[in-house]
Amino acid sequence: MIALVVLTLLTITKNVYVAGIANYFTFYAIHKFGVDVQTSQIMLFVFLGASAAGVFIGGPIGDRYGRKFVIWLSIIGALPFALALPYADFTWTLVLLVIIGIVFSSCFSAIVVFAQELVPGRVGMIAGIFFGFAFGAGGIGAAVLGALADVRGIDFLFQVTSYLPLLGFLAVLLPDFERRTPAGVMAAPAR
């Protein structure tokens, strides 16, 4: 149960972060860099495209190196880049958006498969938690971020969201499911 709660919190964190960028980055780029709307939307497209690529890339990496490894790498790996984003210039912001998008989103398939292994035979429940509840909570988080931006400003919003990947350290509470054979190929999960 603890592992399932941790996975849910990690997914909510990722969804709030991605929703924060998806909903507010256009305003942030216009405010910080003085770019026009079209340029800010192209920057947002770069992030969202990198996020889509990250989800696709994360699956094979999880199959090869283990789901817990991908979860750690994804969420903790995005932390230094997320922390740097609010302080980056225009060029580095583009670079960081690509890195954050790919790295942070690569954990999604690993989280869903990990959760399915925690509760075998409950595919519908897992889908409801991770595709319904967690995405919905991300949307609610985006609304909270909007209220925060109204009160404290868009710069503060991006400074606060940069700390969201810190919750990735909760992954230490996840059990080890995978066993490796001597050739390095993952064996079936231990039951």
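Values in this text are rule-based calculations from the coordinates and carry no lab data. A quick note: this is a predicted structure, and the numbers were derived from the prediction, not measured. Note that each Cβ is placed from the backbone with ideal geometry, even for glycine, and that neighbours are counted across all protein chains shown.
Counting only the Cα atoms, the chain fills a convex hull of 110 Å³ per residue. Length gained on full extension, Arg64 to Phe33, computed as 0.36 nm times the residue gap minus the Cα-Cα distance: 7.1 nm.
Put a dot 7 Å past the Cα of Ala143, heading toward its Cβ, do the same for Thr91, and the two dots end up 4.2 nm apart. Among the chymotrypsin sites (Phe, Trp or Tyr not before Pro) within segment 58-98, not one is in coil by DSSP while having at most 16 neighbouring Cβ atoms inside 10 Å. A viscosity of 1.306 mPa s and a temperature of 10 °C, combined with the Kirkwood radius over C-alpha pairs in the Stokes-Einstein formula, give segment 1-47 a diffusion coefficient of 133 µm²/s. Residue-wise HN-Hα couplings along segment 139-150, as the Karplus relation 6.51 cos²θ - 1.76 cosθ + 1.60 with θ = phi - 60° gives them from phi, are x, 5, x, 5, 5, 4, 4, x, 5, 5, 5, 5 Hz; Gly and Pro carry x.
For segment 59-111, the normalised intensity computed at q = 0.19 Å⁻¹ comes to -0.60 (log10 of I(q)/I(0), Debye sum over alpha carbons, equal scatterers, no solvent).
Inter-part distance, segment 92-112 to segment 57-75, computed on C-alpha centroids, equals 12 Å.
Translational diffusion of segment 1-113, estimated by Stokes-Einstein from the Kirkwood radius over alpha carbon pairs at 4 °C in a medium of 1.567 mPa s, is 90 µm² per second.
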